[in-house]
1. Which residue, PHE197, PHE49, PHE39, has the most motion in a Gaussian network model of the chain that connects Cα atoms within less than 10 Å?
2. Expressed as cubic angstrom per residue, what is the convex hull volume of the alpha carbon set of region 1-55?
3. When we measure straight from the Cα of LYS207, which aspartates and glutamates land under 18 angstrom away, once same-chain ones fewer than 8 places off are left out?
4. Taking a 29 Å limit on the Cα-Cα distance, which of the listed pairs LYS99/LYS145; LYS97/LYS135; LYS19/LYS97; LYS62/LYS145 fall beyond it?
5. Using Cα centres only, tell me the gap between region 37-69 and region 6-34 in whole Å.
6. Taking R0 as 45 Å, what's the FRET efficiency between LYS65 and PHE197 from their Cβ-Cβ distance, rounded to 0.05?
7. Of the heavy-atom accessible surface of the chain (probe 1.4 angstrom), what whole percent is carbon and sulfur?
8. If r is the Cβ-Cβ distance from GLU116 to SER77 and R0 is 22 Å, what FRET efficiency results, to the nearest 0.05?
Amino acid sequence: NLNIEGRTDIIFSLNGPFKLNSGPTLDAAIRMRDGSLVFQNTNVSDLNFEGKLYMKDIKRSKAMKITFDQFSLNTTSGQVSGSGALADLTIPSLQLKSKGKTRLEEFTRVAQIEDEMEASGDMSWNIDFSGPLGKDFNTTVNELKQMSWSGSLSLQNSTLNFNNGIPPLSEFQANISMNQGKTAITQCSGNLVHLAFDGNVDIARLKQVLTD
């Protein structure tokens, strides 16, 4: 239940019969203006998008694919824009090109990794992403391992407290450039427990480090 509200224009076609256990195919162009919804306990407002919606069987409403030619939205702490595709709402997978800014507290809540780490600070990004989001959008560490991403990320005035024995970071800021083979961290400074640091870092297999 995403509690979706807003003004929507739809041009659609239905093809095929209604049967006891199946329905027709739905193919639609859709546009939303000034929408809102709730996702992972986060309020989304000013939702605007243009895209397409395809359902092979209208009686199986979660087995759909939504393609966003463009979208923009606001959250309580940030703004996001981009394009992408979301498929199968029961076990959803997402392809996304996005840029935006938010607070790290909001990011950990939406990603549902609050059991893995506590974080605060400012975050901005320009990232390409693909991967599964977990059954009914309940993302697990196993889904995190299957995700792939590339792009850039900036953290400012942040604090990261990990729950797996990694020492906490405070007053941390960095510009991060990511691809699948290497993550380059520049203009990086902060405090690791009692150690103050300032420099540049290259990290191999960062996703594996974070998830394992």
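1. Largest GNM mean-square fluctuation: PHE197.
2. Values: hull volume 5.4 nm³, N = 55.
Convex hull of Cα atoms, per residue: 98 Å³.
3. LYS207 reaches GLU114, ASP115, GLU116, GLU118, ASP128, GLU143.
4. On the way: LYS99/LYS145 22 Å; LYS97/LYS135 22 Å; LYS19/LYS97 38 Å; LYS62/LYS145 24 Å.
Distance filter (> 29 Å) returns LYS19/LYS97.
5. 12
6. Details: r = 45 Å, r/R0 = 1.01.
It comes out at approximately 0.50.
7. Numbers: 6530 of 12580 Å².
Reported share for carbon and sulfur atoms: 52 percent.
8. On the way: r = 20 Å, r/R0 = 0.89.
Calculated value: 0.65.
The values are calculated or read from the model by the stated rules, or taken from the named source; none is laboratory data. All values reported here derive from a predicted model rather than from experimental measurement. Reconstructed Cβ throughout: ideal geometry from the backbone, glycine too, with neighbour counts over all protein chains shown. Accessible surface is based on the protein model in full, side chains and every heavy atom, while ligands, DNA and RNA are left aside. Shrake-Rupley method; radii C 1.70, N 1.55, O 1.52, S 1.80 Å.
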